[in-house]
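Undergrad: The structure is given below, and queries will be raised subsequently.
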């Protein structure tokens, strides 16, 4: 057996398993998962990837809507404040992958009115190495504003432990849209 070959047997308390188990059981479970047995989320590695927003990021087929939005940047977002009936952004980009979240706005030289970046999931942002200041809106999963950080200049950090996503906007947009903590936002995705 693989486990006997490697000689691994012992406690897996580090991983949250309370009692001692043989590693070959654990290894065989991992091998079964990679062989195409459906995992706990219902994802089967043998299945052809489906297109759409709820497709796992690892199963993104070329030509799908999600792949197009990540690579081509053609998927945009319109953000409305339903509480105040104002528009925060009508051409916001979406950062929903590790690469796009890490890059953020670092390569931008500025944001025009109507532009922005929705980072999901995200509890905090920084402005190190940025070339301009931004307004930051922190949102929970229901897209209710949990915290505001207007005019965040270079070399700063802002975070909210209650946030699920952040919206980065041009400076002055929070004040212009009269957005406040507790406001309900609406995100409308569209293809540009």
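Undergrad: Could you identify the single residue in 104, 110 that is within 19 Å of residue 175 (Cβ to Cβ), assigned by TED's automatic domain parsing to the domain that holds residue 179 and modelled with pLDDT under 95?
TA: One residue alone meets the criteria, 110.
Undergrad: Restricting attention to region 71-85, does a residue exist that is part of a helix (DSSP H, G or I), more than 19 Å from residue 188 (Cβ to Cβ) and modelled with pLDDT under 95?
TA: Checked region 71-85: at least one residue is part of a helix (DSSP H, G or I), more than 19 Å from residue 188 (Cβ to Cβ) and modelled with pLDDT under 95.
Undergrad: Where in region 88-192 are there strands (runs of 3 or more DSSP E), lying wholly inside it, with at least 1 residues that are surrounded by fewer than 16 Cβ atoms within 10 Å (Cβ to Cβ)?
TA: 124-126, 145-152, 157-159, 185-191
Undergrad: Quick check on this structure: which one of 119, 94 is in contact with a helix residue (DSSP H, G or I) (Cβ under 6 Å, 6 or more places away or on another chain) and closer than 14 Å to residue 166 by Cα?
TA: The unique qualifying residue is 119.
The values are calculated or read from the model by the stated rules, or taken from the named source; none is laboratory data. As the structure is a computational prediction, the values presented were derived from the model and not from experiment. Ideal geometry is used to build each Cβ from the backbone, glycine not excepted, and the neighbour counts take in all protein chains shown.
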